1. How much length is gained on full extension from T45 to V60, taking 0.36 nm per residue of separation minus their Cα-Cα distance?
2. Between F18, F34, F64, find the one with the highest GNM mean-square fluctuation for the chain; connect C-alpha pairs within less than 10 Å.
3. In the Gaussian network model of the chain, springs joining C-alpha atoms below 10 Å, which of N65, N30, N16 carries the largest mean-square fluctuation?
4. Is segment 8-84 rounded, prolate or oblate when judged by the Cα gyration tensor, a ≥ b ≥ c being the square roots of its eigenvalues, rounded requiring a/c under 1.5 and prolate requiring a/b larger than b/c?
5. What does the charge count around R46 come to, taking other residues whose C-beta lies under 13 Å from its C-beta (Lys +1, Arg +1, Asp -1, Glu -1)?
6. Placing +1 at every Lys and Arg Cβ and -1 at every Asp and Glu Cβ, with all other atoms neutral, what dipole size does the chain have around its Cα centre, in debye to the nearest 20?
7. Using a Gaussian network model on the chain with a 10 Å cutoff between Cα atoms, which of S24, S67, S50 fluctuates the most?
Amino acid sequence: MRAITEVEVWFLAEYNHFVKLKSSLTPDTNQEIFGFNPQTEDMETRRKPSDDLKQIYNHVGKCFNKSEKQLNRLGSNLDYEFIYI
């Protein structure tokens, strides 16, 4: 098992939380807009996962800045069972 170098990879891999930001932000929509599908691709291969998250969040009028408050909010929206499995 490879070590994940950025926690943002987990946030990308748990793609279910994107629909909580905007209901139309599905993996297929993500593919159309941003050029990658977190449901079918290995997010560990993304070069800059934090930039990917910034783009997704900017698209829905939010920002991703790694503040403690934001990370806590994001963490509360993640499905940890989905990540674990």
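Nothing in this text is a laboratory measurement; each read-out follows from the coordinates by a stated rule. As the structure is a computational prediction, the values presented were derived from the model and not from experiment. Cβ: placed from backbone, ideal geometry, glycine included. Neighbour counts: every protein chain shown.
1. Result: 3.0 nm gained on full extension.
2. F34
3. For the chain, modelled as a Gaussian network with Cα springs under 10 Å, the answer is N65.
4. Cα axes put segment 8-84 in the rounded bin.
5. Result for the neighbourhood of R46: -4.
6. 400 debye
7. S67
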